[in-house]
Amino acid sequence: MDMLNDYCGVAQDERGLVRVTICNAGKLNILGTPVIEGLTAGLKQVAKGPGRVMVIAGQSERSMIGGADIKEMATLDQTGAETFISKLRDLCNAVRAVPFPTIARIPGYSLGGGLEFAACCDIRIATQSAMFGMPEVKVGIPSVIQAALLPRLIGWGRTNWLLLTGENIDAPTALNWGLIDEIAPDDQLDAAVEKTAAAMLACGDRALRAQKALLRHWENVPLEQAFNDSVKTFGEAFLTGEPQHHMGAFVNRKR
């Protein structure tokens, strides 16, 4: 693993699988300002590279990101609070802006800002023992920024419950709600992540990037526009050579 800075490590294999590791953030991989800034810079750097699929993990096996740094937040005034949360917003936006698929590898606790960051990843795979929650109201603050993604993932009712009670849910509940995409036994998390990554890596690289760009675009436009805007992207795919390669392999496969 190469260190891009004190808080962000990266390793890439020959397939284009990039593993970004959150480093030096404590036992629960907590997001304080230095970690937020380091991870944001690292993600922006990796996003410019030739990666095909990204896995995001914590250095500690107790969580991917446990949450934001309450000790730091307890010292803030209004100006400082707005600066802190803006940096966290920018971190979440940085992972959403990665142009290829991202997989959140989630053991242990994923709370508050940690859950918001996970929600910004394309795929979320967690251990059987993982726990999820948005406990901000319990410490006197509202859930903000990328918490706004949660109604799209789990619906308004379940989002209301998470944000207004501050209570945690377990991994089976999170899977049932659609908050995560897969559960793995605690000792098989890496195997589950690898299986999903391998499925993506078998796809067309440019097709994956185009699909992710469309998914982001569809979030912000009316449905009819989404239909129509997709036509050009479909046509442009045939300029890459990927349809000819992959469709040719399908047509010529042994029966």
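The values are calculated or read from the model by the stated rules, or taken from the named source; none is laboratory data. Because the structure is a prediction, the values reported are computed rather than measured. Every residue, glycine among them, receives a Cβ derived from its backbone with ideal geometry; neighbour counts consider all protein chains shown.
Quick look at the values:
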read-out	value
Lone qualifier among 52, 62, 96 - being basic (Lys, Arg) and under 23 Å from residue 159 (Cα atoms)	96
Selected residue (criterion: surrounded by the fewest Cβ atoms within 10 Å (Cβ to Cβ)) from residues of the stretch 192-242 that are among the acidic types (Asp, Glu) and under 18 Å from the mean Cα position of the chain (by Cα)	219
Odd one out for residue 92, checked against (1) in contact (Cβ under 8 Å) with a residue 40 or more places away in the chain; (2) within 18 Å of residue 170 (Cα to Cα)	(2)
Matching residues, the stretch 162-193, being within 20 Å of residue 67 (Cβ to Cβ) and of a type in the set (Val, Ile, Thr)	165, 169, 173, 180
Per-region count, the stretch 45-82, residues under 15 Å from residue 10 (Cβ atoms) and among the basic types (Lys, Arg)	2
Set 130, 119, 126: member being small (Gly, Ala, Ser) and out of contact with any Pro (no Cβ under 8 Å at 6 or more places or on another chain)	119
Matching option when the condition is within 13 Å of the chain's Cα centre (by Cα) and of a type in the set (S, T, N, Q), among 86, 110	110
Close pairs (6 angstrom Cβ cut-off, 6 or more residues apart or separate chains): closer than 10 Å to residue 36 by Cβ in the stretch 75-87, among the charged types (D, E, K, R) anywhere	none
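Per-residue answers, yes or no, for (1) closer than 28 Å to residue 199 by Cβ; (2) at pLDDT below 95; (3) hydrophobic (A, V, I, L, M, F, W, C):
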position	(1), (2), (3)
11	yes, no, yes
33	no, no, no
38	no, no, no
44	yes, no, no
56	yes, no, yes
